[in-house]
Structures are given as structure tokens and as C-alpha cells.
Amino acid sequence: MRAVQIDQIGGPEVMRLVDVPVPEPRPGQVRVKVEAAGLNYSDIMIREGRYLQKTEPPTLLGREFCGVVVALGEGVTTFQVGDRVVGTASKGAFADEVVVRAEGLIRCPAGMSPEVAVSMLVQGITAIHCLDDCGRVQPGETVLIHAAAGGVGTLAIQLARLRGARVIGTASSDEKCALIRELGGEALNYTHADWVAELKNLTGGKGAEVILESVGGEIFLRSFREALAPLGRLVVFGAASGEVAKLPNVEILGASKTVIGYFLPVYYSAAPRRVSEASGELVRRIQDGTLKPIVGKVFSLDEVVEAFNFMQSRASVGKVIIKP
């Protein structure tokens, strides 16, 4: 079968589409024929060796997928061959087939397309946990979301509004700002004006009670120092810029503001119930029409380099998907 592999850490040139043996499921595992795989910024960081979990080449890429169960390992009773499932893998989802632990899968709701299903899972769970567990968003509060037209951002806008919050999102183009407004948020195009000044103008000088930050560097520092309201909560769930910022502990102390980190793999091991609860909410809200995942551009497995470059160029809107 075909799979995307890297033999060393680096840029797009290190990715190769290779033929590998079809994996056999071990006890507790299932093999899934991949119908759609989700590309996340973490996949870029894994390829570049910048992810929090160490990349050890050679390795296969891809961690999020929707597909059909084609083989069961010993002891698996929760699924049957032919079931459509959504889940995450430690690696290897950018492939024709992938083997994963059965306990980490959820059933794809009837009538939900593979593209929509893969658009909701990782980024939807991240949005819920960042808003609820970390941000503790309350009705009437203002939530600022950076990169709001992306996969996490588009879901976070809708979920924050469902929780009664006012939502303001930053983006880099008029097209992305139009999407933010369509989803019910207020938009700041940071290429046209200073986003902090615009935020302060919209909030009467106060700033946002909750900020979801995934860029790092100067954006992180300005978010904490200038954009966050008194007693506000800054939720850090990414570092797309690759820039490491230093924030002195005494400055956090003196500001009486909260900085809290979010890393989904920790939730899978330390709080699996919260992962399950978030997954359940996502399915319910998509089915009842109160949440709409934004399916962005779709690439074939042969176009995996183009897909990575597209996301890294910051041209993407919504979820970028790779299909075998």
C-alpha cells in the first residue's frame, strides 16, 4: 500500500510516497481503509522536528483519519468489518490503510461524509477543551481567537458563540475575515491595522477575557501584555511561527493573568473522559445543525507535498484534507 514517509527531519523535500506492507492489526487494534485524512499544523511541526513529541525518522506521517474498518485484531468486539470510524493514530494516517487501537475510535455518524467527519475531530476537541477546560469561558465574555479562519478557529468561533461569548477573530486576508463574520464573529485583518489597537477599540479599552493563541513569539507576548483583559486567561495551544517567547514569572505574577497550555495528547492519556465528552458534543451539534465544520481544500495522496505547502503558506481556510 502507499504511505507518506520521511527518512529525515526537514522541509517538504523529505516527504516521500512509498510502498509499504499492509499492516496487520495486533490484539486490541483494527485496520482501517482511509477515506480522508486531516492535515494539521502539528504534522508540519512533526516533519520539521519541532513538535513536543520527538520525531524519530524514518517514520510515517498523518495522525487523523476517517475510514472503514477492514480487519479486526484479537479481542476487538466494539467494531465490525464495514463500520465507518473516525479517529487518530500515532502515525501513518496519510496512507491507503492505517492500524490503530480500537478504543481510540468513534463511529462516524450515519450520513456524515468522511470530509466533514475528519474536519471535526482533532480541531473540534481542541476548540472545546481550550474554551471550556482551559479558558473557562462565561456568557458575556469576549473571546479573541488568533488564526480564526483555520480548522480550530472556525469551530472555536461557533462553539464560543454557543456558550454565549462575544467572539473576535484575527486573520490575514479579507476572504478569511468574511468567513469569520459569516460564522458570527467580528474580524480583525492584521495586515491592514494594528490588531491590538483594533481590539481595544472594540472592547472599550478592556481587551479580551479569553484569548486562544497558537502562533507564538510576538503574538503570544502582545496577547498577554496588551490584549488580555485584567484577570484574563491566555490559552496556548500551538506555536506555528516557531518563535519561542520568554515571559518572566514576575510579570505573570504582577499582571494577575493566567497562561495555560493545551496539548491534546496529554488529554488522551490523562483525561480520556473529557475527550469522549467533547467528541460527543461535536457529533450532536453537527447533527442538529448548530455546528458546521468548514471543509477547505482537498488534495490527493499524490499531492501531499502541495497540501503541506498550501497549509504552510497560510492560504488555507478551514480544514485541509488529504484523500488516498
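The values are calculated or read from the model by the stated rules, or taken from the named source; none is laboratory data. A quick note: this is a predicted structure, and the numbers were derived from the prediction, not measured. So basically every Cβ, Gly included, is an ideal-geometry build from the backbone, and we count neighbours across all protein chains shown. With ligands, DNA and RNA removed, areas are computed over all heavy atoms of the protein, side chains included. Shrake-Rupley method; radii C 1.70, N 1.55, O 1.52, S 1.80 Å.
Report yes if some residue within region 139-147 is closer than 22 Å to Met120 by Cβ and open to solvent by 20 Å² or more (accessible area, probe 1.4 Å); otherwise report no.
If we filter region 139-147 for residues that are closer than 22 Å to Met120 by Cβ, which is where we start, we get 143, 145-147.
In the following step, the residues that additionally are open to solvent by 20 Å² or more (accessible area, probe 1.4 Å) were identified as 147.
Yes, there is a match, as at least one residue in region 139-147 is closer than 22 Å to Met120 by Cβ and open to solvent by 20 Å² or more (accessible area, probe 1.4 Å).
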Margin query: Please go through region 226-250 and give me each residue that is farther than 19 Å from Ala147 by Cα and open to solvent by 40 Å² or more (accessible area, probe 1.4 Å), ordered by number.
Written below: Pro230, Leu231, Lys246, Pro248, Asn249, Val250
Notebook entry, point to check: Based on what the data block shows, is Ala187 within 30 Å of Phe308 (Cβ to Cβ) and either at pLDDT 95 or above or in contact with a helix residue (DSSP H, G or I) (Cβ under 6 Å, 6 or more places away or on another chain) (or both)?
Noted result: yes
Check: Among all residue pairs at least 6 apart or on different chains, which show Cβ distances below 7 Å where the first residue, located in region 241-269, is in contact (Cβ under 8 Å) with a residue 60 or more places away in the chain and part of a loop (DSSP other than H, G, I, E, B) and the second is surrounded by 11 or more Cβ atoms within 10 Å (Cβ to Cβ) and among the aromatic types (Phe, Trp, Tyr)?
Finding: Tyr262/Phe237
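Could you pull out the residue among Val244, Val259 that is modelled with pLDDT under 95 and β-branched (Val, Ile, Thr)? Break it down stepwise before answering.
Values: Val259 fails: modelled with pLDDT under 95.
After applying the criteria, what remains is Val244.
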Item checked: Single unsatisfied condition, Arg284 versus (1) within 20 Å of Ala37 (Cβ to Cβ); (2) at pLDDT 95 or above -> (1)
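Scanning for something part of a strand (DSSP E or B) and closer than 27 Å to Ser214 by Cβ, does region 10-26 turn up at least one residue? Spell out the reasoning first.
As a first pass, look at region 10-26 and keep what is part of a strand (DSSP E or B): 15-19.
Those left that are additionally closer than 27 Å to Ser214 by Cβ: 15.
Yes: region 10-26 contains one or more residues that are part of a strand (DSSP E or B) and closer than 27 Å to Ser214 by Cβ.
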Check: Which of the following residues is among the basic types (Lys, Arg), farther than 23 Å from Gly280 by Cβ and surrounded by fewer than 17 Cβ atoms within 10 Å (Cβ to Cβ): Arg31, Arg50?
Finding: Arg50
Note to self: Looking for something modelled with pLDDT of 95 or more, in contact with a strand residue (DSSP E or B) (Cβ under 9 Å, 6 or more places away or on another chain), open to solvent by less than 10 Å² (accessible area, probe 1.4 Å) and not aliphatic (A, V, I, L, M) - is there at least one such residue anywhere in region 194-202?
What the structure shows: no
Margin query: Which numbered condition in (1) closer than 27 Å to Lys292 by Cα; (2) part of a strand (DSSP E or B); (3) open to solvent by less than 60 Å² (accessible area, probe 1.4 Å) is the only one that Ser42 fails?
Written below: (2)
Note to self: Just to be sure I understand the filter: pairs with C-beta atoms under 6 Å, separated by 6 or more residues or on different chains, first member in region 216-229 and touching a residue at least 12 places away in the same chain (Cβ under 8 Å), second member in a helix (DSSP H, G or I). Which pairs pass?
What the structure shows: Arg222/Val196; Glu226/Val196; Ala227/Val196; Ala227/Leu199
Note to self: Among (1) surrounded by fewer than 18 Cβ atoms within 10 Å (Cβ to Cβ); (2) under 14 Å from Ile157 (Cα atoms); (3) not small (Gly, Ala, Ser), there is one condition Leu188 misses while meeting the rest; what is its number?
What the structure shows: (1)
Margin query: Looking only at region 300-324, filter to residues that are touching a strand residue (DSSP E or B) at 6+ places or on another chain (Cβ under 9 Å) and free of Cβ contacts under 8 Å to residues at least 40 places away in the same chain; which one of those is surrounded by the fewest Cβ atoms within 10 Å (Cβ to Cβ)?
Written below: Ser300
Check: Quick check: anything in region 79-98 within 21 Å of Phe237 (Cβ to Cβ), modelled with pLDDT under 95, part of a loop (DSSP other than H, G, I, E, B) and open to solvent by 40 Å² or more (accessible area, probe 1.4 Å)?
Finding: yes
Checklist line | Residue match in region 161-181 (condition: over 17 Å from Gly151 (Cβ atoms) and in contact with a Lys or Arg (Cβ under 6 Å, 6 or more places away or on another chain)) | finding: no
